[in-house]
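Okay, so here's the structure we're looking at.
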Amino acid sequence: MEAHAARAGSRERRWRHVLESRRVLAVLLIAPAVVFMALVVGVPFAWAIYLSFTDAIGGSLTGSWVGLDNFTNAWEDDNFRRAVRNTLIFTLGSQVIVLVGAAVLSNFLVRDFRGKWIVRFLVVLPWAAPVVLSTIAWLWLLDSLYSVTNWTLARLHLDNGLVWLLGAVNLEEDAQVPLQWLGRPNLALLALTIVHAWRILPFAVVIFIAGRASIPNEVEDASKIDGATGVKKLWYVDIPLQLPIALVAVLFGIVFTAVDFAVVYILTRGGPFNSTQVLPTWAYFIGIDGGSLGEGAAISLFLFPLLMVVTVAMLFFARRAQVS
Amino acid sequence: MTRRQKLTTYAVVVPFAIFLAFPFYFALVTMFKTNLDLANVENSPYVYNDLEGNFHWDFWNYATFEHVTFLFEETNYPRWLLNTAVVGLAVVAITLALAMPAGYALARLAGGWGQGAGVAIFLVYLIPPTLLFLPLSRLITQLDLKDSLWSLILIYPSFTVPFATWLLMGFFKTIPQELEDAALIDGASRLRAFAVIVLPISLPGILTVVIFAFSLCVNEFIYAFTFISSSEQRTISAGIPNDLIRGDVFFWQSLISATLIPAIPLALLYNAFLDRFIKGFTGGAFR
């Protein structure tokens, strides 16, 4: 009995000894997460790459090797090219709005004013609400017949002016009142860009404010002593200091917009006439609805180089932010 | 601040707040609109109107609750809410079980390579579902998990684990090393020091991870949409756009109620934990 207990004790002690070793413990604690991610991210990712070189169709997980055919087929499709173009338009267009909006808004939100908490609550709402749900709210907002947007434009007598403007800048040649925000190719592109900007802006604002807070007060004091004010201070002090953090926020925004499926799918389903397809929705239509698993995988993989570039840039700027 | 500065602040901040929050106000009004009020395109969409299209200050007499009732009694919506909660809570549990040890080890035990490994794990978060959903949807079918909530419970941690590991690593780093050292000197094992000292102090951080991981699950669309096709098994993010939008006939009030009801509590929670989240999120990047 006693001997048994002693043996158990020594075994326990040995185990304890092993568990106390930092290196062993670190590996033991990290391993489950890493193994899990390898299984549910690594394996499907590798599989997507494999599929993209095969002629696999819906219902199977394998196919015969077709080399680069899927990629060249995808590339020769006008809808695919439009999807690439749209992905770029949404991503860059919305991020330009986000960058400018967040820079301005964060500048004022760091001040102390009455009612700040409610303003902050309202500003953060688009990011806090689940994206599918807020997108449905936009579907309602942009409805051509009952929409508040067109009603307001009509009451302010701006609708005909807007139609003229859309024609004048060659965005929509023969638009009519009431405007079909989601029913005309270019107007839908514009609406989708705005919805993307709307949902990413709060995130950027919050990151900008955090970045501002991370700048030591001494910098502010020093620049005051040196007499840097107004535009000069903005150009030589504020912008260089905040640029890395701002870029990190924008790069996140690029990733969130470029990989989005829900906003486009819910608002337009890629229509009208595939004019608002983006890479993720086009991959869905080809891969799931059309059943060409291999080509769908190839289409979705076209996003990967873009994401790689953005990620490398993000790491680079995050490090610069750390140094400053 | 001078008076002028105050005025310019409001002049900038208020329009932004209106633009960003407007869809929610509009959704709130729509929720309780009567069919006659909604269908009359001359009526102001901003408020409730009587049959002649006039606004009255006792506006609640011109609103109706019937569409919210319809949603809960005549559709699968309550079921979707339940499914969403089940998936969210299960995923959060799995996420914590995997990410807490990993986050702690990266912050405390790994030494020099901890930061690098943390960044590498975070990068996994940036491999989006849109790259993975095609092989995964096939895989789910082969595993016979199609139309089952288990498919989502199994796959959602693929994005919550890297996200949570990164956040938790940031939170654990902010806990003074001395507290643990004192416990270790007193003879506690590392794991015990973690459980007794580190966990209680990190509770706010862990709660933040719970909220944000849960909200990522509610947000997810493409997996919920491709893995599950029977209405009873859907979560809200796939159920609402698929089953409440029927052809060209929109039940706008019910549809909008369905979106606003879960969004409000989530938004409140989000706000309450936002500062902590940002600290953790940016903690690894800029200190």
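The values are calculated or read from the model by the stated rules, or taken from the named source; none is laboratory data. Nothing here was measured: the structure is a model prediction, and the numbers come from that model. All Cβ positions, even for glycine, are placed from backbone atoms using ideal geometry, and neighbour counts span all protein chains on display.
Quick rundown of the values:
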read-out	value
Test: residue B:51 is more than 30 Å from residue B:175 (Cα to Cα), surrounded by fewer than 18 Cβ atoms within 10 Å (Cβ to Cβ), free of Cβ contacts under 8 Å to residues at least 12 places away in the same chain and of a type in the set (A, V, I, L, M)	no
Residue selected from the stretch B:5-24 under the condition under 25 Å from the mean Cα position of the chain (by Cα) and facing chain A (nearest Cβ under 7 Å), by the criterion nearest to residue A:152 (Cα to Cα)	B:23
Flag for residue A:124 being assigned to a helix (DSSP H, G or I) and facing another protein chain (nearest Cβ under 8 Å)	yes
Flag if residue A:163 is of a type outside the set (D, E, K, R), part of a helix (DSSP H, G or I), farther than 25 Å from residue B:218 by Cα and touching a Leu at 6+ places or on another chain (Cβ under 9 Å)	yes
Residue list for the stretch B:25-40, filter: more than 8 Å from chain A (Cβ to nearest Cβ), among the polar types (S, T, N, Q) and within 17 Å of residue A:152 (Cβ to Cβ)	B:40
Candidate set from the stretch A:64-84 (those that are part of a helix (DSSP H, G or I) and of a type in the set (Val, Ile, Thr)); member that is modelled with the lowest pLDDT	A:72
Of all residues making up the stretch A:139-157, the number that are aliphatic (A, V, I, L, M), free of Cβ contacts under 8 Å to residues at least 12 places away in the same chain and in contact with a helix residue (DSSP H, G or I) (Cβ under 8 Å, 6 or more places away or on another chain)	2
Checklist (1) over 21 Å from residue A:279 (Cα atoms); (2) among the aromatic types (Phe, Trp, Tyr); (3) more than 7 Å from chain B (Cβ to nearest Cβ) applied to residue A:108, failing item	(3)
The stretch B:90-107 - residue that is within 8 Å of chain A (Cβ to nearest Cβ) and touching a residue at least 24 places away in the same chain (Cβ under 8 Å) and, of those, surrounded by the most Cβ atoms within 10 Å (Cβ to Cβ)	B:106
Subset tally (residues that are closer than 16 Å to residue A:210 by Cα and either of a type in the set (A, V, I, L, M) or touching a residue at least 60 places away in the same chain (Cβ under 8 Å) (or both)) for the stretch A:102-126	9
Residue match in the stretch B:43-55 (condition: part of a helix (DSSP H, G or I) and either in contact with an Asp or Glu (Cβ under 6 Å, 6 or more places away or on another chain) or hydroxyl-bearing (Ser, Thr, Tyr) (or both))	no
Members of the stretch A:27-57 that are facing another protein chain (nearest Cβ under 8 Å) and of a type in the set (Gly, Ala, Ser)	A:33, A:48
Subset of the stretch B:109-133 that is part of a helix (DSSP H, G or I) and not hydrophobic (A, V, I, L, M, F, W, C) - its residue that is surrounded by the fewest Cβ atoms within 10 Å (Cβ to Cβ)	B:116
Residue within the stretch A:75-83 that is in contact with a strand residue (DSSP E or B) (Cβ under 9 Å, 6 or more places away or on another chain), under 23 Å from residue B:135 (Cα atoms) and not basic (Lys, Arg) present	no
Search result, residues across the stretch A:156-200 that are under 22 Å from residue B:16 (Cα atoms) and surrounded by fewer than 15 Cβ atoms within 10 Å (Cβ to Cβ)	A:156, A:158
Candidate set: the stretch A:214-262, residues that are among the polar types (S, T, N, Q) and touching a Lys or Arg at 6+ places or on another chain (Cβ under 7 Å); chosen: the one surrounded by the most Cβ atoms within 10 Å (Cβ to Cβ)	A:242
The stretch A:50-63, residues that are in a strand (DSSP E or B) and surrounded by fewer than 18 Cβ atoms within 10 Å (Cβ to Cβ)	none
Members of the stretch B:184-205 that are of a type in the set (A, V, I, L, M) and surrounded by 18 or more Cβ atoms within 10 Å (Cβ to Cβ)	B:193, B:197, B:198
Single unsatisfied condition, residue B:249 versus (1) of a type in the set (A, V, I, L, M); (2) modelled with pLDDT of 90 or more; (3) surrounded by fewer than 23 Cβ atoms within 10 Å (Cβ to Cβ); (4) closer than 28 Å to residue B:37 by Cα	(2)
Among the candidates A:113, A:108, A:121, A:90, residue that is surrounded by fewer than 17 Cβ atoms within 10 Å (Cβ to Cβ) and assigned by TED's automatic domain parsing to the domain that holds residue A:196	A:113
Flag if residue B:37 is assigned to a loop (DSSP other than H, G, I, E, B) and charged (D, E, K, R)	no
Subset tally (residues that are closer than 30 Å to residue A:60 by Cβ and within 7 Å of chain A (Cβ to nearest Cβ)) for the stretch B:108-133	7
Selected residue [under 24 Å from residue B:241 (Cα atoms) and aliphatic (A, V, I, L, M)] from B:82, B:51, B:96	B:82
In the stretch A:246-276, residue farthest from the other protein chains (Cβ to nearest Cβ) [restricted to those that are outside any helix (DSSP H, G or I) and under 14 Å from the mean Cα position of the chain (by Cα)]	A:260
Total residues in the stretch B:210-243, condition without any contact (Cβ under 8 Å) to a residue 60 or more places away in the chain, facing chain A (nearest Cβ under 9 Å) and touching a Phe, Trp or Tyr at 6+ places or on another chain (Cβ under 9 Å)	5
Subset of the stretch A:22-35 [surrounded by fewer than 21 Cβ atoms within 10 Å (Cβ to Cβ) and at pLDDT 90 or above]	A:31, A:32, A:34, A:35
Per-region count, the stretch B:134-176, residues more than 8 Å from chain A (Cβ to nearest Cβ), part of a helix (DSSP H, G or I) and touching a residue at least 24 places away in the same chain (Cβ under 8 Å)	17
